[in-house]
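First comes the structure, then the notes that go with it.
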Amino acid sequence: MAHLVLARMEKARWADKRFVLGCPTGRTPRPIYDALARQLAEKPQDLSDLVLVMMDEYLVAADAGYEYASAKEPWSCHHFARVEIADRLNASLPATQRLRERSILFPDPRDPAAYDKGIADLGGIDFFILASGASDGHVAFNPPGAARSSRTRIIRLSEDTRRDNLQTFPAFRTLAAVPDHGISVGIDTIASAKESMMIVWGSGKRLTLTRMQSAERYEPGWPATVIHECAIGQILADTDAAAPLDAR
């Protein structure tokens, strides 16, 4: 996966184009970001034209509505993007070739619709790394029932999504500590990417892999099926996820 993404980036650079990469946070993509960092250490590559489009962020109540959770919190998506993506990718690169902080984009809770417009102005997302919730198939913060036409918006997080996130970030400690709102790209935002790959690994993802394999198009009851709406969409699974559901 890392080799594929780096090859796409290099191809764009040789064509004198920016490369727009859609990125999730959490357990699933960590091995990918680790592999990207290792390969960049072995063979440095210029990331100065790379743009990261982050999928979502937790929100907390504020006087004027909602605002980002603190970027100091280890479970915030801003913290993850800086520490677990940018810092790792940049570690072996000279300053002129590093991913720039201003090139890491997040949707703004004050104007969610501007995110989709901004993505379009960039020429669209070239490659979207996708991950799916184990318990309900959520993608980003899109819960079961999310409309195919949905775009970036503020979402009330389902309990299943919050429980998944509690496992992802033990720093939350309790379910009550997990924010109950977030801002997220929509199903249409994801489906509009030029190329996407859904990553599923571990025995906990057997159900979501089965649901995606049994679908032929987007099914609102299981948002991960959005992979079937992507122009070029692939599913990458390990043997644990691909084992039969009744395997023990």
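The values are calculated or read from the model by the stated rules, or taken from the named source; none is laboratory data. Being a predicted model, the structure only gives us computed values, none of them experimental. Heads up, the Cβs are rebuilt from the backbone with ideal geometry, glycines too, and the neighbour counts pull from every protein chain shown. Areas reflect the complete protein model, heavy atoms only, side chains present, ligands, DNA and RNA absent. Shrake-Rupley method; radii C 1.70, N 1.55, O 1.52, S 1.80 Å.
Before moving on, here are some points about what is shown:
- Cα pair distances exceeding 14 angstrom across region 67-145, given as percent: 75
- Per-q log10 I(q)/I(0), region 123-248, q = 0.10, 0.16 Å⁻¹ (Debye; single scatterer per alpha-carbon; no solvent): -0.30, -0.77
- Ranked order, V83, V185 - accessible area, probe 1.4 Å, largest first: V83, V185
- Surface composition of region 75-167: carbon and sulfur make up 48 percent of the accessible area, probe 1.4 Å.
- For the peptides 70-78, 17-25, 132-140, the ranking by packing is 132-140, 17-25, 70-78, with the highest mean count of neighbouring Cβ atoms within 10 Å listed first.
- Debye-formula intensities of the chain, expressed as log10 I(q)/I(0) at q = 0.09 Å⁻¹, are -0.36 (one equal scatterer per alpha-carbon, no solvent).
- Excluding ligands, DNA and RNA, the accessible surface per residue across region 52-156 is 46 Å² with a 1.4 Å probe.
- Averaging the sequence gap over all C-alpha pairs within less than 8 Å and six or more residues apart, then dividing by the number of residues, gives the chain a relative contact order of 20 percent.
- Rolled with a 1.4 Å probe across the full set of protein chains, the surface gives T239 an accessible area near 120 Å².
- Selected from L50, A12, Y68, residue furthest toward positive end of dipole (region 1-89; charges at beta carbon): A12
- Across region 66-134, C-alpha contacts under 8 Å between residues 6 or more apart give a mean separation that, scaled by the residue count, equals a relative contact order of 22 percent.
- K194 accessible area, 1.4 Å probe, all protein chains in place, Å² to nearest 10: 100
- The distance between label points at A71 and R156 comes to 3.0 nm (points 7 Å beyond Cα on the Cα→Cβ vector).
- Multiplying the residue separation of R217 and D46 by 0.36 nm and removing their Cα-Cα distance gives an extension gain of 57.9 nm.
- For region 42-183, the C-alpha radius of gyration sits at 1.11 times the compact-globule guess of 2.2 N^0.38 Å, with N the residue count.
- A straight chain from V83 to R30 at 0.36 nm per residue would run longer than the Cα-Cα distance by 17.9 nm.
- Under a 5 Å amide H cut-off, with hydrogens placed 1.01 Å from N, F19 pairs with L50, V51 among residues at least 5 apart or on other chains.
- Straight-distance crosslink candidates among aspartates and glutamates, where the alpha carbon sits under 13 Å from K43 and sequence neighbours closer than 8 are dropped: E10
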